[in-house]
Each structure stands twice: as C-alpha cells, then as structure tokens.
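All remarks here apply to the structure that follows.
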Amino acid sequence: MRDIQHFIAGSAVDGTSGRFGDVYDPNTGEVQAKVALASEADLDRAVKAALTAQPIWAATNPQRRARVMFEFKRLVEARMDELAALLSSEHGKVIADSRGDIQRGLEVIEFACGIPHALKGEYTEGAGPGIDVYSMRQPLGVVAGITPFNFPAMIPMWMFGIAIAVGNAFILKPSEKDPSVPVRLGELFMEAGGPAGVLNVVHGDKVAVDAILHHPAIKAVSFVGSSDIAQYVYATGAANGKRVQAMGGAKNHGIILPDADLDQAIKDIMGAAYGSAGERCMALPVVVPVGAKAAGEVRKRLLAEIETLKVGVSSDPSAQYGPVVSAAHKKKIEDYIQLGKDEGAELVVDGRGFKLQGYENGFFVGPTLFDQVKPEMTTYKEEIFGPVLQIVRADSFEEALSYPTKHAYGNGVAIFTRNGRAAREFASRVDVGMVGVNVPIPVPVAYHTFGGWKRSAFGDTNQHGMEGVKFYTKVKTVTARWPEGGEADSSFVIPTMK
Ligand code: NAD
C-alpha cells in the first residue's frame, strides 16, 4: 500500500503521530493509500523549516521569485496528464474536470508571475516641506492554508501562489481525502527552483488544523471548506491574533426568467448542477424558473437531459461525472434525498441505488431532481454537495430575487435572461458575493477576486487578485524628512499639514 508522507523542508518526511487516514479510490471503493496525519510536533517541524527559509526568500528580489513561479507553471503544465489522472483517482471527478481544476490554479500562478508589479508601493513627493511619504507591502512571514477535498489543485494554488510570490513561506494542510496532488505541487515547486522550506505540505485532520491555529509563528491562515469549520477557524485564528480568511459552504441559485435562451440555460444548469457530482462550491443546485410556463418547460427539458446524462468512472472520457468522494458522503447525500421526499418535495428523478457495472462498490450517486421545493425545507436550506438539483418555483422577478437574497449562504448566483435591465437590477440587488449573467459558474478570473457573502465567507478579504496580495502582506508607511538645516526645534503638538 502506498504511503503519503508530509513534505517538509523539501523532503518527504514520516509523521510522528502513528495515525494515518485512508485514501480511497472512489471508483472502486477500495483504500488505495494511507496518509500520515500530523501531530503538533510534525506541524512545528514544518513551521521551523518555514521560519528558516522565509527571510532569505523574502530578501530575494520579486522578479527572481516570479521566475520560480514561471518555471513552476511550466512544470505543472508539462505534467498535466499525470497530475490530472492522480487527482481523478483520489477525488473521483472526471479527467477533463481535473485538468480544469489544475488549470484554474495555474491561472493564479500566472497572476503571481506578475507580482513585482503588484508589490509596487505608493509614493508622495513633498507631503510637507522636505517630506516624502512612501508605503511598501512586506510579507507576513510564515502563513498557512487549509483546503477542502473538492479542488485539491486549484485552491492550494489560489493560496500559496500569491502567498509565496509576495515573499512568505507557506504551510499547506490539504484535505486528507485527496492529498497526493498537493504533495506533487510541493515537489514541482522545488524542481522549479523554489528553496526548501518555502512550501511545506503537512497532512492531517483537526489535530493539524488546531496546531496551525495555535502556533504563535503562523501569522495568517487561509481556509476553504464547510461553513461550521470555517467559522471555527476564523474565530479561533482571530482569537490567537492571526489574520484569517475562511471561505465556507454554498447553496447557489440559477434564476431563469421567461425570456431566457432556454436551450443554452438548460445546458448550463445541467453542467453546473451535476458536473463534478455537484461537489463544487460554485455548483448550481437550485434552479428558480419564473412563471408557471417557464417552470413546466424547464422541468421537461431537464428530465430529457438527465435521461442522456452519463455517469461513469473518473477515467472514462465519455462520462459527465464520476463518483462522490467517500462512502460517508454518498450516504449523506442519499439521506438528504430521503429527507427531501419526507418533507414534501416532489422527487422527480431518484439517483439513489445507482450501480455501475463492474464498480458496484464505487461511491456513485445518480442524477437526482426535485420539484416543488419550498424555502422552509431543510433540504433547501442546507448544502447537499451532491448531484441533486432542486426546482424552486417563483411567480415573479421579486420572488426569485428574494430566494438567494434571503438564503443563509451567499457564495454565487446566476441569472439567465435576454433582458439587460433585469440582469443589471438583479446583479445590483442580490445579496450574494459572485453573480453570473448567463454564466452558470461565475468563478472570477485570477486577477479579479473570489469570495462569497454571509455564511459562505468569514473575514473581509477574498482569495486571489489584489485582495490576495493584500491578505498575505502588511503595509508599512514611511514618512521621511530631509530638512535643509537650521535650528533644531521640539514640537509637542501632533504634526499637521497646514
Ligand atoms: P471540510 O470543512 O470537511 O474540510 C475542509 C478542511 O478542514 C480540510 O482540510 C479538513 O481536513 C479540515 N477539517 C475537517 N474537519 C475539521 C474539524 N472538525 N476541525 C478542523 N478542521 C477540520 O470541507 P470538505 O468536505 O473538504 O469540502 C467541501 C466544503 O467546502 C463544502 O462545504 C464546500 O461548499 C466548501 N467549499 C467552499 C469553497 C469556497 O470558496 N467558498 C470552495 C470549495 C469548497
């Protein structure tokens, strides 16, 4: 059986806890590897390596740091096939989707290649007599990222791409469910010329997370995962004086106005609801058709599309989605389907009991469709994170707008319409952080910024773009005076600009 070790100071390192997690192949349901689960001492070892490496890395000029990022990007691209296959084998998403996962991460690395420009400070000449003021962005030191299972390449790169480019050393605590790609990224960073100790990968569970949250040398923590844990990480990290950004769960709505291009909207909703088995924080698990006519048409067309949807193993190029990540997650999704039925929603297509020939023990869930879902239902309020699409019918634009606005989560939302004015008004008024107009999965490009609202994010800076640069740096402002001479004088009054 393959052992997955920590990656500390540039080497594979055994843990000291004696604890291991099972890494499954979700296609077969078999354990394919054991991953070390860190003790506090293992985490401390990584922090020490990072503390040693960081000052030298920070003193390396930004252009040289960017060159390492360029080379890292080249190496990841060259290994794309190997990395995508490895990612799919542990996560269960199809290969094309794994490539997308890696590619979206690389786009943040591309942004990080331009870090010298992003780090330029501000300067005011002559703020007073002989006085100039300038500001600079300096790295925080050692920072950490804690990532979820569903994007094991993209989300680590969102974080370490920028954190490292600005001069920090990074400790990545990836999901213990699919830890291999994060380790490969660490190795490739070294191969690209990154110094040992600048990017460390420490595997683990709550023990490792708590060790990060309590370690005095870790200055900032970025977290992405489910909302309750995001809130815990935010509160605990902040109580320990750290800068924290913590992204949580989601329940994104796709609003379909009666004038929408339905051919396109239905294709978009299908991909966004069922792609990656619904295990995306920007998935669209709720569709809100406006008006009875649109609702009937949407339901009919979705049914027809579901009939031709192909679920298969993650290596099958003709499959649209693969298994979910674990047996426990499969059970959770199936329990939600039962609950939806019990609380009175109409179960139009039931994906439970789906079996793929030859892979009977795989963690597969068939596409599921509910109609007549109501906002008071638990299955509407909570995140299911599986291939389950819920139709919530609305009679008007205002009613449709109220659903995502009143929902506890506020990550993403999409509106499908040909009416620019309606789309504009929707985008302006909806209480959600990322909005798509005829775009089903509005994950912003790397040089913009990613972040939800309400229970979808705790903390006030987003991932990547200039917000990422801001999160991983602190600003120092220098006020410098070079007087011409004359008599020295003391002033006991706060200096002002007259
Ligand atoms: P998760 O919350 O179970 O795990 C996330 C991380 O927290 C992992 O590294 C895990 O090891 C750690 N963790 C798990 N239990 C913990 C505990 N009790 N204490 C401390 N740490 C703990 O999330 P997941 O199942 O890996 O990922 C899916 C969730 O992530 C979904 O809710 C999804 O919406 C969310 N997500 C959000 C975004 C976003 O940007 N908002 C992006 C991707 C995923």
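The values are calculated or read from the model by the stated rules, or taken from the named source; none is laboratory data. Only a predicted model underlies this, so the values are computations on that prediction, with no experimental measurement involved. When we count neighbours, we look across all protein chains shown, and the Cβ atoms used for this are built from the backbone with ideal geometry, even at glycine. What goes into the accessible areas is simple: the full protein's heavy atoms, side chains included, and nothing from ligands, DNA or RNA. Shrake-Rupley method; radii C 1.70, N 1.55, O 1.52, S 1.80 Å.
As a check on your grasp of the helix formula, calculate [θ] at 222 nm for the chain: sum -39500 (n - 2.57) over DSSP H runs of n ≥ 4, divide by the residue count, round to the nearest 500.
That calculation yields -12000 deg cm²/dmol at 222 nm.
Which is the longest stretch in the chain that no exposed loop site breaks, taking sites as GluC sites (Glu not before Pro) with a DSSP loop state and at most 15 other Cβ atoms within 10 Å?
Result, exposed sites excluded: 123-342.
Using only the Cα atoms of the chain, build the gyration tensor, take square roots of its eigenvalues as a ≥ b ≥ c, and label the shape rounded, prolate or oblate: rounded if a/c is under 1.5, else prolate if a/b is larger than b/c, else oblate.
oblate
With labels modelled as points extended 7 Å from the Cα through the Cβ direction, what inter-label distance (nm, one decimal) is found for V439 paired with K206?
3.9 nm
Calculate one ³J(HN,Hα) per residue across region 435-441 by plugging θ = phi - 60° into the Karplus curve 6.51 cos²θ - 1.76 cosθ + 1.60, and present them in order as whole Hz with x for glycine and proline.
The phi angles translate into 10, x, 10, 6, 10, x, 10 Hz.
Using +1 at the Cβ of each Lys and Arg and -1 at the Cβ of each Asp and Glu in the chain, identify which of N438, S98, W57 lies farthest towards the dipole's positive end.
The residue sitting farthest along the positive end of the dipole is W57.
Between R67 and K332, what is the FRET efficiency for a Förster distance of 45 Å, r being their Cβ-Cβ separation, to the nearest 0.05?
My answer for the efficiency is 0.50.
Tell me, in nm to one decimal, what length is gained between A41 and F492 on full extension, where the rule is 0.36 nm per residue of separation less the Cα-Cα distance?
On the way: separation 451, 0.36 × 451 = 162.36 nm, distance 5.07 nm.
The A41-F492 span can extend by a further 157.3 nm.
Label-point separation (nm) for K267 and L309, each offset 7 Å from Cα along Cα-to-Cβ?
Each label point is offset 7 Å from its Cα along the Cβ direction, giving 1.7 nm.
Tell me the per residue accessible area of the chain using a 1.4 Å probe; a whole number in Å² is fine.
Dividing the accessible area of the chain by its residue count gives 42 Å².
Using unit Cβ charges (K, R positive; D, E negative) and no other charged atoms, how large, in debye to the nearest 20, is the dipole of the chain about its Cα centre?
640 debye
Please enumerate, by chain and number, the lysines with C-alpha under 29 Å from the C-alpha of K293, excluding those fewer than 8 residues away in the same chain.
The reachable lysines, counting only those whose Cα sits under 29 Å from K293, are K251, K267, K310, K341, K374, K381, K406.
Region 253-437: D in µm²/s via Stokes-Einstein (Kirkwood Rh, Cα pairs, 25 °C, 0.890 mPa s)?
Answer from the Stokes-Einstein relation: 148 µm²/s.
Return one number: the angle in degrees, 0 to 90 and rounded to the nearest 10, between the long axis of the Cα atoms of helix 292-308 and the longest principal axis of the Cα atoms of the chain.
Relative to the chain, helix 292-308 is tipped by roughly 90 degrees.
Can you tell me the length gained on complete extension of the stretch L339 to T124, counting 0.36 nm per residue apart and subtracting the Cα distance?
Details: separation 215, 0.36 × 215 = 77.40 nm, distance 6.18 nm.
Here the answer is 71.2 nm.
Check I255: other-chain or 5+ apart residues with amide H under 5 Å from its amide H, H built from backbone geometry?
It is V288, A414, I415, F416, by chain and number.
Enumerate by residue number the chymotrypsin sites (Phe, Trp or Tyr not before Pro) in region 258-341 meeting two conditions: DSSP loop (anything except H, G, I, E, B), and at most 13 other Cβ atoms within 10 Å of the site's Cβ.
Answer in residue order: no site qualifies.
Could you list which residues have their amide H under 5 Å from that of V244, counting only those 5 or more apart in sequence or on another chain, with H placed in the peptide plane?
V221
How many percent of the accessible area of the chain is carbon or sulfur, using a 1.4 Å probe?
Summing carbon and sulfur atoms, their accessible area is 53 percent of the total for the chain.
Give me the angle, in degrees from 0 to 90, between the Cα long axis of helix 40-59 and the longest principal axis of the Cα atoms of the chain, rounded to the nearest 10.
50 degrees
Mind giving me the FRET efficiency for K34 and A239? R0 is 30 Å, r the Cβ-Cβ distance, nearest 0.05 is fine.
Taking R0 as 30 Å, the efficiency between K34 and A239 is 0.35.
Which value, in debye to the nearest 20, gives the size of the charge dipole of region 253-437 about its Cα centre, when Lys and Arg are +1 and Asp and Glu are -1 at the Cβ?
That gives a dipole near 180 debye.
Taking the 0 to 90 degree range and rounding to the nearest ten, how far is the long axis of helix 227-239 tilted relative to the main principal axis of the chain, both from C-alpha atoms?
The answer is roughly 20 degrees.
By how many nm would the segment from S318 to D22 grow when fully extended, if each residue of separation counts as 0.36 nm and the alpha-carbon distance is taken off?
Stretched fully, the S318-D22 segment lengthens by 103.7 nm.
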